[in-house]
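Below is one structure, written out as C-alpha cells, with a few remarks after it.
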Amino acid sequence: MPPYTHTLTQRLFGQPSDLVQLNPGHGPQFGLVSRPGGHVTLVEQQVFTAGMNIARTGLDRAYGIITMRIAGTPAGAGIVPANFDHLLQYCFRPGAVVATIQATMATVRNNLQRIRLGLWSPQLQIIDSNPNRGGVASGYVRCSYSELFRMRDAAREQSFAGRIHIRFATYNAANTPANQRGAGMTMVHEGAHKFCGCRDWLYNGGGFGAYAGMIALGLAPAIPALTNAQGLNNADSYAEFVLNL
Ligand SMILES: [Zn+2]
C-alpha cells in the first residue's frame, strides 16, 4: 500500500501514516490508519474488517430487536431473546418501573441508531492509538472542548471530538474469532463515545454471560453500582448490549 500523507501528522511527527481503505463486504469502506512511520499489517486488515462487520451487523440486529420489544413483542418471541430484559437490566439498570423501562429502551434505540450511522459512514477512520495517550487501553476518543470545563460543568464532560482510536496491538497477534469480536466490541464502545457523548462510568468486565448463567440458576447475582442515567451514558453498556444480543 502506498503511504498516506497526513499533513497535520507530518507537521507534528515528520513521518506519514499508512492509510488502508477496507471494505467489509456489506457496507461502505472505512479507513485504517497506522501510527506515523508505521504500516497497517495484513492481520490488522483482516481482524478489523471482520470486527467492523461484527459491529455493524450487531448494531442492525440490536436495533431491530429493541424496536420489536418496544412495540410489545415479548422476550423469547421472534428475534427477541429470552434473556432480553435481563440484558437490558444488566447494561442500563432501568429497574422495575414500566415507564422507566420504556424510556430506557427509547434512549438506547436512539443511541444505537447514532452509533450505527457513525460506523456506517464511509468517512470513518480508525487509528492505532498513541501509546503516550492511550497506554494499554483498548481505545479512546479525544475529549471535546467541554472537557476543559469539567470542573465547572461536569454534566457536559463528553468525548466526541477526535477520531476513533483503537490499540491495534491488542488484537493484531492473529486473525482469530476472539480478536475479531474484541475489535468489533471496541468499535461499538468507542462509537458510543464519539457519536453519543458517552463516558466511562463502568466497564462491564465480568460480562453478561456469567450474570445470565447465575440468573438461569435462580440466583440474584450482585452487579456493580450504576444508576439508570449513568448506564444510558456508559460506553461499555452499549458494547455489552450489542455484542450479547
Ligand atoms: Zn471508553
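Where a number appears in this text, it was derived from the coordinates with a stated rule and is not lab data. Please read these numbers as outputs of a predicted model, since none were measured by experiment. Cβ coordinates were reconstructed from backbone atoms using ideal geometry, including for glycine residues, and neighbour counts include every protein chain displayed.
Here are the numbers for the structure shown:
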read-out: Calculated FRET efficiency for the pair Ser121/Arg61, C-beta based, R₀ 25 Å, to 0.05; value: 0.85
read-out: Per residue, the convex hull volume that the Cα atoms of segment 7-243 enclose (Å³); value: 137 Å³
read-out: For Cys198, distant residues with modelled amide H under 5 Å away; value: Ser159, His193
read-out: Contour minus Cα-Cα distance for Asn53 and Asp85 (0.36 nm per residue); value: 9.0 nm
read-out: Theoretical FRET efficiency, 1/(1+(r/R0)^6), r = Cβ-Cβ of Thr73 and Ala137, R0 35 Å, to 0.05; value: 0.40
read-out: Cβ crowding within 10 Å averaged over residues, with 212-223, 85-96, 233-244 ranked highest first; value: 233-244, 85-96, 212-223
read-out: Residue order, fewest to most beta carbons within 10 Å, for Thr49, Thr186; value: Thr49, Thr186
read-out: Estimated vicinal HN-Hα couplings, Hz - segment 120-125 in sequence order (Karplus 6.51, -1.76, 1.60; Gly, Pro = x); value: 8, 5, x, 7, 4, 10
read-out: For Ala137, residues with placed amide H under 5 Å, excluding near neighbours; value: none
read-out: Net lengthening on full extension, Tyr203/Ala216 (0.36 nm per residue, minus Cα-Cα); value: 2.4 nm
read-out: Evaluated over segment 23-103, the Cα radius of gyration and Dmax, each in Å; value: 18.2, 54
read-out: Segment Thr227-Thr100, length gained on full extension (0.36 nm per residue, minus Cα span); value: 44.5 nm
read-out: Amide proton proximity set for Ile164, modelled H, under 5 Å, gap of 5+; value: Gln125, Ile127
read-out: Estimated FRET transfer efficiency when R0 is 30 angstrom, pair Thr41-Asn110 (beta carbons, to 0.05); value: 0.25
